[in-house]
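The values are calculated or read from the model by the stated rules, or taken from the named source; none is laboratory data. Quick caveat, the model's predicted, so the values are computed rather than measured. All Cβ positions, glycine included, derive from the backbone under ideal geometry; neighbour counts span all protein chains shown. Heads up: the accessible areas ignore ligands, DNA and RNA and are worked out on the full protein's heavy atoms, side chains in. Shrake-Rupley method; radii C 1.70, N 1.55, O 1.52, S 1.80 Å.
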Amino acid sequence: MQNGDAMISALLSHDLPKSKVLAALLGLILLGLALAPFLFPGAAAINTAAKICIFIVLVASYDILLGYTGIVSFAHTMFFGIGGYGVGLSLYFLGATWPIVALGIVVALILGVALAFIIGLVSLRVKAIFFAMITLAVASAFLILATQLSALTGGEDGRSFRVPELIRPATKLLETPVFGLEITGRVAAYYLIFFAALALFLVALRLVNSCFGRVLQAIRENELRAEALGYRVVYYRTLASCLSAALAVAAGCLSALWLRYTGPETTLSFAIMLDVLLMVVIGGMGTLYGAVIGTTLFVLAQNYLQKLMGIASAATEGIPLLPRLLHPDRWLLLLGILFVLSVYFFPTGIAGRLAGPPRKEESQR
Amino acid sequence: MTDQAAPAPLIGPKRDLAPLLLPLAIAGFAFLLIGSPTTWLTLTLAALAMGMMVFVIASGLTLIFGLMDVINFGHGAFIAIGAYLAMAVLGPLAPWMQADSLTLNLAALFLAIIAAMLGTGVLGYAFERVLVRPVYGQHLKQILITMGGLIVVEQLLHVIFGGDQKTMALPTALRGAVLIGNVALEKYRLLAVAVGLLVFLVMQLTLNRTRIGLLIRAGVENAEMVEALGYRIRRLFVGVFIAGSALAGLGGVLWALYRETFTAAIGGDVVVLVFIVIIIGGLGSVGGCFLGAILVAMMANYTAFLAPKVALASSILLMVTILMWRPQGLYPVAKR
């Protein structure tokens, strides 16, 4: 038993959840995701579960930037999109085999990290604000470029493509169903996504708990002092931005494999950037477990809150304004308000709240 | 660069004219590439009109930043509010808009603009009070909070006005173009240029010739010193924030009429240009902002004609080039 605990602790880089409630919640999410195809049958449910897995990686990688290093980037979906397009376009043009997938991933990683490096060099020397504005501009330019180069990217429509045989929905892997579930390529794809996401999340956890991660936090807390201690702030910030970009690219690759489609709406749009921002802040900045909680909550809300609001909207028919306020399309309003409130009242998010009493107000500049 | 050089005179700082040559250079270069003078003139007018609209929106933002080190990522919300308010006012005034009389048309537009500016000014006050004030001096939280404000405002606009795409037609007398020789000049663009220049002039006069302007400029240079001299910089800042929001509202009306259709996301596209403009101009500098707006608009319009696929990428290229030349922007404000 001692041994097992030590192994789990090592897997989590000795950064265990700080409270029992948090640990229980995380365990529940892990269990739910691991058994999703068996527990929640149906195409919609498995889609939701896969989306949660993919976004946990994306949101965790964004948290490395925002929560741990204290820099705001609006170009994170750009890297997500590079991953998606990298895998998607390779599969579309070169055929559906695993080596092609690997090729797409490698090309996307190189491109994404190089781009993050250049942006970092140009803009990370100066204030956080500068970086935020420049990334916003670069991301929107990239979005337009991706939609304009329609010969390559398929423009607004994006590209649908075939994935390798093993993870195609039509593939049957086992003759007999397991616990009443047909083991198709879709299930295989889900478990590929799930384990890849789990591995990437553990890598991210390892990263923020390394010496490197500590330096990042030092920079966030007091840039001048970190510099005075001999850490080159620009170097660390640029490296953090490159690593976070690499993780986002990986998440994009997973997304392309799952959706069998890549387009501007699903990977590059500003709406997704806002979603990621909301997930990080509501879940809790500066703790990767917050990313898990925030993502799960947000994606579930996105899929199920709308139905609830539809019912509420119909129930309040006749009262002025209220039905429109509760219209299913307005779910983002509620989450937006929640977002603003969480920045004010619990900047450490849900995960931070569950972990214990809030720390002293940090000075974030 | 020698230390022995005569000390700079105390009054009247050295005028820095080099950046002023940039628009001329770009216009000249574009003329060579385009070839046809009439096309070039039409494009240049379009660029000036767009530049003026972007300037109207950006000027408030850059002053807000210069004075209190506050960056408002929710600035786009005021653009959208301005557009929707103008639409609400112009709805009942439709007969005035469709009448074939310039006076009535302009009167309707004037009323719409006043309503939009008043509305966005009041909302700007509320925005500052509720969202921005608690997070002074914390950049990270400012960016997040104002972004959250933007989401909430956009959704509320959908709740109040409905989520569909809105149209706003130009008044009769401003449709079409005037022909001067071979050159077609769109009437509405001329109006936009005139409004933009008016705003620029009023702003310059206020900043350079009035007491309040003096305090604002001093505050941008060194806010602590102004406070030490007994002026309430906060109150000044609230005033600038309201004015900046009202200008964004004005810009929203102009931009919506220019595009003729809009949704609550109208602010998003412009705000990207606005950020590029204030980075190019130097954060906090009104003159730099004016020049930056013209430069960005020129690049956008010329490249839209010459190589439409890379239009927005050209603004990024412009920004990177200028930042390599002057890392703090064209006209950097002291100590920033």
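Please give the per residue volume of the convex hull enclosing the alpha carbon atoms of the protein assembly as shown, rounded to a whole number of Å³.
Working: hull volume 141.9 nm³, N = 701.
Convex hull volume per residue, Cα atoms: 202 Å³.
Looking at A:S150, A:L94, A:S140, which one has the Cα that reaches farthest to the positive end of the dipole of the range A:1-152 (charges on Cβ: Lys, Arg +1; Asp, Glu -1)?
Highest projection toward the positive end goes to A:S140.
For an R0 of 35 angstrom, estimate the FRET efficiency from the Cβ-Cβ distance between B:L185 and B:V122 and round to the nearest 0.05.
Values: r = 36 Å, r/R0 = 1.03.
Between B:L185 and B:V122 the formula returns 0.45.
Using only the Cα atoms, what convex hull volume per residue in Å³ does chain B have?
Numbers: hull volume 53.9 nm³, N = 336.
In chain B, the Cα convex hull volume per residue is 161 Å³.
Can you give the extra length, in nm with one decimal, that the chain gains between A:L341 and A:E265 once fully stretched, where that is 0.36 nm per residue apart less the Cα-Cα distance? Write out the running numbers ahead of the final one.
Values: separation 76, 0.36 × 76 = 27.36 nm, distance 2.81 nm.
Taking A:L341 through A:E265 to full extension adds about 24.6 nm, to one decimal.
How long, wide and thick is the range A:1-44, going by the Cα atoms along their three principal axes, in whole angstroms, largest first?
Principal extents (Cα only, largest first): 38, 21, 17 Å.
Using alpha carbons only, how many angstrom separate the centre of the range B:90-141 from the centre of the range B:150-217?
Between the Cα centre of the range B:90-141 and that of the range B:150-217, the gap is 11 Å.
If a helix is a whole DSSP H run, which ones in chain B reach 20 Å or further along their own axis (Cα) and hold a mean Kyte-Doolittle hydropathy of at least 1.6? Spell out each step's value before the answer.
Details: long enough: B:37-68 (45 Å, 1.76); B:75-90 (23 Å, 1.82); B:102-127 (36 Å, 1.95); B:139-161 (33 Å, 1.39); B:187-209 (32 Å, 1.28); B:233-259 (38 Å, 1.29); B:266-281 (23 Å, 2.84); B:286-306 (30 Å, 1.75); B:311-325 (22 Å, 2.17).
Taking the DSSP H segments of chain B (at least 20 Å long, mean hydropathy at least 1.6), we get B:37-68, B:75-90, B:102-127, B:266-281, B:286-306, B:311-325.
Top mean-square fluctuation among A:A141, A:A50, A:A108, Gaussian network model of chain A, C-alpha springs under 10 Å?
With Cα springs under 10 Å in chain A, the top fluctuation among A:A141, A:A50, A:A108 is at A:A141.
Counting only other chains, what is the mean number of Cβ atoms within 10 angstrom of the Cβ of each residue in peptide A:331-341?
Mean partner-chain Cβ count within 10 Å for A:331-341: 5.
So which chymotrypsin sites (Phe, Trp or Tyr not before Pro) in the range A:31-85 pass both tests, a DSSP loop state and at most 16 other Cβ atoms within 10 Å of the Cβ? Before the final figure, lay out the partial values.
Values: sites: A:F38, A:F55, A:Y62, A:Y68, A:F74, A:F79, A:F80, A:Y85; in loops: A:F74.
Taking the range A:31-85 and a limit of 16 other Cβ atoms within 10 Å, no loop chymotrypsin sites (Phe, Trp or Tyr not before Pro) are found.
Using only alpha-carbon positions, what ratio does the radius of gyration of the range B:240-336 give when scaled by 2.2 N^0.38 Å? Mind dumping the intermediate values first?
Working: Rg = 14.3 Å, N = 97, 2.2 N^0.38 = 12.5 Å.
Rg over 2.2 N^0.38 Å, computed on Cα atoms: 1.14.
Show me, for the range A:26-33, the HN-Hα J-couplings you get by feeding each phi into the Karplus relation (A = 6.51, B = -1.76, C = 1.60, θ = phi - 60°), rounded to Hz, glycine and proline as x.
Taking θ as phi minus 60°, the curve returns 5, x, 4, 5, 4, 5, x, 6 Hz for the range A:26-33.
What's the Kirkwood radius of the range B:162-299 in Å, using all Cα pairs? Mind showing how you got there, number by number?
On the way: mean 1/r = 0.0573 Å⁻¹.
Kirkwood radius, the range B:162-299: 17.4 Å.
Largest first and to the nearest Å, give the Cα extent of the range B:96-155 along each principal axis.
Its Cα atoms span 52, 19, 15 Å along the three principal axes.
When N counts the residues of the range A:34-167, how does its alpha-carbon radius of gyration compare numerically with 2.2 N^0.38 Å, as a ratio?
Working: Rg = 17.1 Å, N = 134, 2.2 N^0.38 = 14.1 Å.
Expressed relative to 2.2 N^0.38 Å, the Cα Rg reads 1.21.
Roughly how big is the range A:232-365's charge dipole about its Cα centre, with Cβ charges of +1 (Lys, Arg) and -1 (Asp, Glu), in debye to the nearest 20? Could you put the intermediate results ahead of the total?
Numbers: 10 positive and 6 negative charges, 76 e Å.
Magnitude of the dipole: close to 360 debye.
Taking every alpha carbon pair in the range A:96-226, what does the distance histogram look like in 10 angstrom bins from 0, in percent?
So the P(r) values, bin by bin, are 10, 21, 30, 22, 13, 4, 0.
If every alpha-carbon in chain A counts as one equal scatterer, what log10 I(q)/I(0) does Debye give at q = 0.06, 0.07 1/Å?
So the normalised log intensities work out to -0.23, -0.32.
Accessible area per residue of the range A:189-312 at 1.4 Å probe, in Å²?
Details: 4580 Å² over 124 residues.
Normalised by residue count, the accessible surface of the range A:189-312 is 37 Å².
By DSSP, what percent of the beta bridges with both residues in the protein assembly as shown are antiparallel, rounded to the nearest 5?
Values: 10 of 10 bridges.
Once the DSSP bridges in the protein assembly as shown are tallied, antiparallel ones form about 100 percent.
For a paramagnetic label modelled at 7 Å from the Cα of B:I212 toward its Cβ, which residues of the range B:238-252 fall within the zone defined by backbone nitrogen distances under 17 Å?
B:238-250
Considering chain B as a Gaussian network with a 10 Å cut-off on Cα pairs, which listed residue, B:R234, B:R133, B:R209, attains the greatest mean-square fluctuation?
B:R209
Test of understanding: extend the Cα→C-beta vector of B:D100 to 7 Å, then name every residue of the range B:169-203 with backbone N under 16 Å from that spot.
B:171-177
To the nearest Å, what is the center-to-center distance of the range A:229-296 and the range B:219-262, using C-alpha atoms only?
Here the two parts' Cα centres lie 33 Å apart.
Counting heavy atoms of the protein chains only and a 1.4 Å probe, report the per residue accessible area for the range B:31-75 as a whole number of Å². Numbers along the way, then the final one.
On the way: 1050 Å² over 45 residues.
Accessible area per residue: 23 Å².
What is the interface area between chains B and A, defined as buried accessible area summed over both chains with a 1.4 Å probe, reported in Å² to the nearest 100? The partial results should precede the final answer.
Numbers: alone 16650 and 18390 Å², together 31140 Å².
It comes to approximately 3900 Å² buried between B and A.
Where in the range B:284-306 does the label zone of B:L229 land, with the point 7 angstrom along Cα→C-beta and an amide N cut-off under 18 Å?
none
Chymotrypsin sites (Phe, Trp or Tyr not before Pro), restricted to the range A:146-192: which are DSSP loop and have at most 14 other Cβ atoms within 10 Å? Don't skip to the end; give the middle numbers.
Working: sites: A:F161, A:F179, A:Y190, A:Y191; in loops: A:F161, A:F179.
Listed in order of number, the matching sites are A:F179.
For the range B:65-88, state which residues have at least 40 Å² less accessible area in the presence of all protein chains than in their chain by itself, taking the probe as 1.4 Å and leaving out ligands, DNA and RNA.
Hits at the 40 Å² cut-off: B:F73.
Please average, across the residues of B:149-162, the number of beta carbons from any other chain that are within 10 Å of each residue's own beta carbon, and give a whole number. Don't skip to the answer; put the middle values down first.
Values: counts 3, 2, 10, 8, 2, 4, 10, 4, 0, 6, 10, 3, 1, 2.
Mean shielding count: 5.
If packing is taken as the average number of other Cβ atoms within 10 Å across a peptide's residues, how do B:263-271, A:311-319 rank, most packed first?
B:263-271, A:311-319
Please list, by residue number, every one of the trypsin sites (Lys or Arg not before Pro) in the range A:14-56 that is coil in DSSP and has at most 13 other beta-carbon atoms within 10 Å.
Values: sites: A:K18, A:K20, A:K51; in loops: A:K18.
Sites meeting the loop and neighbour criteria: none at all.
About its Cα centre, what dipole magnitude does the protein assembly as shown give when the only charges are +1 on Lys and Arg Cβ and -1 on Asp and Glu Cβ, stated in debye to the nearest 20? Before the final figure, lay out each step's value.
Working: 44 positive and 30 negative charges, 192 e Å.
Rounded to the nearest 20 debye, it is 920 debye.
Let me know the charge dipole size of the range B:101-176 about its Cα centre in debye, to the nearest 20, where only the beta-carbon of Lys, Arg (+1) and Asp, Glu (-1) is charged.
Working: 5 positive and 3 negative charges, 24 e Å.
Taking the Cα centre of the range B:101-176 as origin, the dipole is about 120 debye.
What is the calculated FRET efficiency for A:A188 to A:L30, with r their C-beta to C-beta distance and R₀ = 22 Å, to the nearest 0.05? Each step should come with its number before you reach the end.
Details: r = 20 Å, r/R0 = 0.90.
With R0 = 22 Å, the Cβ-Cβ based efficiency is 0.65.
Quantify, in whole percent, the carbon and sulfur part of the accessible surface of the protein assembly as shown (1.4 Å probe; protein heavy atoms only). Could the numbers behind the result be given before it?
On the way: 21590 of 31140 Å².
C and S atoms contribute 69 percent here.
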